[in-house]
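The values are calculated or read from the model by the stated rules, or taken from the named source; none is laboratory data. Since the structure is predicted, the reported quantities are computational estimates derived from the model, not experimental observations. So basically every Cβ, Gly included, is an ideal-geometry build from the backbone, and we count neighbours across all protein chains shown.
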Amino acid sequence: MAGDDVVVRLQGVRKAFNPGLPSEVEVLHGIDLQLRRGEFCAVVGPSGSGKSTLLNLIGLLDRPTAGTLAVCGQDTTHMDDAALTHLRGRSIGFVFQYHHLIGAFTALENVMMPMLGDAGFPTRAMRERALELLGRVGLNHRCDNLATHLSGGEQQRVAVARALAMRPAVLLADEPTGNLDTRSAEVVFGLLRDVNREQGTAVLFVTHNPALAARCDRTLEVVDGLVNPQAAVAG
Ligand code: ADP
Ligand code: MG
């Protein structure tokens, strides 16, 4: 049964941009790592080292050029785009540094977005779930405000609520606090930590903030497209 709780597994994963062209550049050079259910893992390393590239692969927004990637026990190597999209929608939540909310939509509409078109969510259930999630991030009172009318910290809390809509097994947070003041960063970090503890959601949290990284369960250090091997091996 060992390994059943592994939600992300990379073996020998490489990523080159523009493969086969003169401008080809390999950014990730063979990454092995496992993320288990319930783990809260910091991802640190210099700018340009490959952190976002790594998260985009794990989030099934892009494909490795070599190696294997499995998400929630499913090997993605031979999946077509539709299968990847389906697995992504079911398994992965994203929070980015620049929230990527739709500014002309309300907070509530933004949180409902991932549920649209999902047969499991009739409109009423979507709305209730979105309200519940906005309550979770302390923003019930802002549900009808346009995203552009919210503060940066509030927008990022909406982004967290939206990321949780489909109850993902894995939450990928790429510098979610990078653009926030200290207090808002603390609130957003605390939300991610609570979700991780209460729901067992595995979290990859990219940060340049050593104090926040120190409060994660484990740290992956990405340097020049490789993960520090000691840190990559789970206990
Ligand atoms: P980090 O998130 O650690 O700052 P990135 O993963 O964004 O690093 O980038 C790693 C390297 O890959 C950088 O040198 C960057 O310029 C390069 N890179 C990222 N995306 C592309 C792309 N689409 N095409 C070519 N190079 C890219
Ligand atoms: Mg980055």
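Below, the figures for the structure above:
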{"item": "Subset of segment 28-59 (residues that are more than 18 Å from residue 214 (Cα to Cα), touching a helix residue (DSSP H, G or I) at 6+ places or on another chain (Cβ under 7 Å) and within 14 Å of ligand 2 (Cβ to nearest atom))", "result": "28, 59"}
{"item": "Any hit, segment 92-114, residues being over 28 Å from residue 194 (Cβ atoms) and either assigned to a strand (DSSP E or B) or charged (D, E, K, R) (or both)", "result": "no"}
{"item": "Enumeration of residues in segment 183-208 that are within 16 Å of ligand 2 (Cβ to nearest atom) and within 19 Å of residue 91 (Cβ to Cβ)", "result": "204, 205, 206"}
{"item": "Single unsatisfied condition, residue 108 versus (1) touching a helix residue (DSSP H, G or I) at 6+ places or on another chain (Cβ under 7 Å); (2) on the phi > 0 side of the Ramachandran plot", "result": "(2)"}
{"item": "Scope segment 75-90; condition polar (S, T, N, Q) and surrounded by fewer than 14 Cβ atoms within 10 Å (Cβ to Cβ); matching residues", "result": "77, 85"}
{"item": "Tally, over segment 29-75, of residues that are more than 16 Å from residue 14 (Cα to Cα) and of a type outside the set (Lys, Arg)", "result": "15"}
{"item": "So residue 177, is it surrounded by 21 or more Cβ atoms within 10 Å (Cβ to Cβ), within 16 Å of ligand 2 (Cβ to nearest atom) and modelled with pLDDT of 95 or more", "result": "no"}
{"item": "Tally of residues being free of Cβ contacts under 8 Å to residues at least 60 places away in the same chain, among the charged types (D, E, K, R) and under 28 Å from residue 178 (Cβ atoms) across segment 76-128", "result": "2"}
